[in-house]
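The values are calculated or read from the model by the stated rules, or taken from the named source; none is laboratory data. Predicted model, so just to flag it, every value in this text is computed and none were measured. So basically every Cβ, Gly included, is an ideal-geometry build from the backbone, and we count neighbours across all protein chains shown. In case anyone asks, the SASA skips ligands and DNA or RNA and just uses the protein heavy atoms, side chains included. Shrake-Rupley method; radii C 1.70, N 1.55, O 1.52, S 1.80 Å.
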Amino acid sequence: MNQSLNHSEGTQVNSKAVRPFGMRDKLGYLFGDFGNDFFFILVSAFLMVYYTDIFHISAEVVGILFFTARLWDAVADMAWGRFIDMRKATRHGKFKPWILRMSFPLVLSGVLMFVKIPGMSDGFYLAWAFVTYIVWGTLYSTVNIPYGSMASVITSDPVERTTLSTWRTMGAMLASLIINVLGPLIVFVDNRMDADRMFMAAVLFGVLAISCYVACYKLSTERIVAPERPQEKRNMRLTVRALIRNKPLIWILIASLIFMVNMMLIGTVNTYLFKDYFSDARMLSIIGFVQAATVFLAMPLVKPLVTRFGKKELASVGMALASIVYLLLYFLSDISAMGFVALSAIGMFAMGFFNLVIWAFVTDVIDYHEHLTDMREDATVYSIYSMARKVGQAIAGGIGGYAIGAVGYQATVQQQTTDTLQGIYSLATLVPAIVYLIIFLIMVFLYPLSKKRTLQLSADLAAKRGS
């Protein structure tokens, strides 16, 4: 199997010798999501609080902003993915040059989101929030789409693609660790967010993000270059028909969408959970550290478990265990903050397996698309997947804002009511339990690419490319 894959891979690159896949590629791919998530996690964890507590925008209006922006971003993802697929590969590759080109305007727009010009009206702050947030989301697509698409052309080996997925998640977790541990210590003063400190954090993480994007560009190598088929090129009708027939893509899209609803909701609600329910915003640093630590503990187990059991099988078990843990937390509403962190660590460890292999699922469905069409449309297929994530973010952003408002949260009061606090706790526990259960059912009964079918797919494509 490996010999055929390696031979196929060698026949698809330029005639010039290409460096074999190795640790340099893994590090390069890690740095890509390291850079992405410096701002993505910063926004997920703190932007809503910044808007409600610094700009004094109501939670309901913030929810409308998040929902509207994410729907627009979903359209931008698809348009940019199709644009990338229409470009020819350069000597530096097809995808990574766009990561470098667009990273600078992306980071600049991210910093501008956290700028507060003193003495302006509430209407100005509202307009500033809408414009800067939507621009940032659009520019995020121009970096994230080529970055995500690049994994499927770095290697065609299914196991090595799983390692790329793991290293990508490691990059995200490193950013999460830094932001969730240091972020609250930087931006909160006496349990309240400080605007100047928030801006300082945005600049700091922006500089780090640029450094990571440059490292991604320098260290990664694209190897698979599909041969051009002029008679099929740009046939959008053929592409759409294949996407509809791609059942693995459809079900991983649905699973990803509801997973993103959960992750974004937790990212939003946890801030209010520890700030208001447990009355200790600094505990956000501890749970941020624990969340990253559980994923790092799971990382060395992923490759041997996937090799033995398969991605689908491993992810399903993780989702089942995570659902049980969060359901238990829901019934333990009198638990202490430290007890909550300790018990949720088990759920985060279990959920981490799904998160560590999710990007390998995406490369599998890209291969399945090639199996259906004989066309390599990495960016188009990845942009469809990314679009589903943006829809998930839109739903989560909207639900997060509306849900926090619906349970009675008032940014201007010092102490929230008992009913409001209990509502926040339910959002942080019961909703994740339900979401993880749904994903478990999808992976077990509906997602078709088991370990056996994935290996057969790789072998079939290797034979096609070789011929």
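Whole-Hz Karplus values for the stretch 188-193 come out as 9, 10, 6, 6, 10, 6 Hz, taken residue by residue from phi with 6.51 cos²θ - 1.76 cosθ + 1.60 and θ = phi - 60°; glycine and proline positions read x.
Rg then Dmax, both in Å and based on the Cα atoms of the stretch 32-128: 16.6, 51. Roughly speaking, what is the centre-to-centre gap between the stretch 64-132 and the stretch 296-363 when only Cα atoms are used, to the nearest Å? Here the two parts' Cα centres lie 31 Å apart. Its alpha carbons give the chain an Rg and a Dmax of 21.8, 70 Å.
Annotated for the stretch 263-396: lysine pairs at least 8 residues apart or interchain, Cα distance under 24 Å, count 4. For the peptides 414-425, 77-88, 150-161, the ranking by packing is 150-161, 77-88, 414-425, with the highest mean count of neighbouring Cβ atoms within 10 Å listed first. With all protein chains in place and a 1.4 Å probe, the accessible surface of the chain carries 67 percent carbon and sulfur.
Remark: the Cα gyration tensor places the stretch 30-88 in the oblate category, a/c being 1.5 or greater and a/b not exceeding b/c.
Available extension along the chain between ALA411 and ARG237 is 57.7 nm, counting 0.36 nm per residue and deducting the alpha carbon span.
Taking label points 7 Å from Cα along the Cα-to-Cβ direction, VAL207 and ASP122 give a separation of 3.7 nm. Applying a length cut-off of 15 Å (Cα extent along the axis) and a mean Kyte-Doolittle floor of -0.5 to the DSSP H helices of the chain leaves 23-42, 59-85, 96-113, 122-154, 158-187, 195-219, 247-272, 283-309, 311-330, 337-373, 378-406, 418-445.
In angstrom, the C-alpha Rg and Dmax of the stretch 59-106 are 14.9, 48.
When both the stretch 386-460 and the stretch 241-276 are represented by their alpha-carbon centers, they are found 6 Å apart.
Between LEU108 and THR90, the modelled labels are 1.9 nm apart [label points 7 Å from Cα along Cα→Cβ].
With protein chains left intact and a 1.4 Å probe, residues in the chain average 39 Å² of accessible area per residue. A straight Cα-to-Cα reach below 15 Å connects LYS218 with the aspartates and glutamates ASP25, ASP33, residues fewer than 8 places away in its own chain not being considered.
Give the shape of the stretch 352-467 as rounded, prolate or oblate, defined through the alpha-carbon gyration tensor: a ≥ b ≥ c are the square roots of its eigenvalues, a/c under 1.5 means rounded, and otherwise the shape is prolate if a/b is larger than b/c and oblate if not. Taking the square roots of the gyration eigenvalues as a ≥ b ≥ c, the stretch 352-467 is prolate. Shape class for the stretch 307-362: prolate, because the ratio a/c of the largest to smallest gyration tensor axis (alpha-carbon atoms, square roots of eigenvalues) is 1.5 or more and a/b beats b/c.
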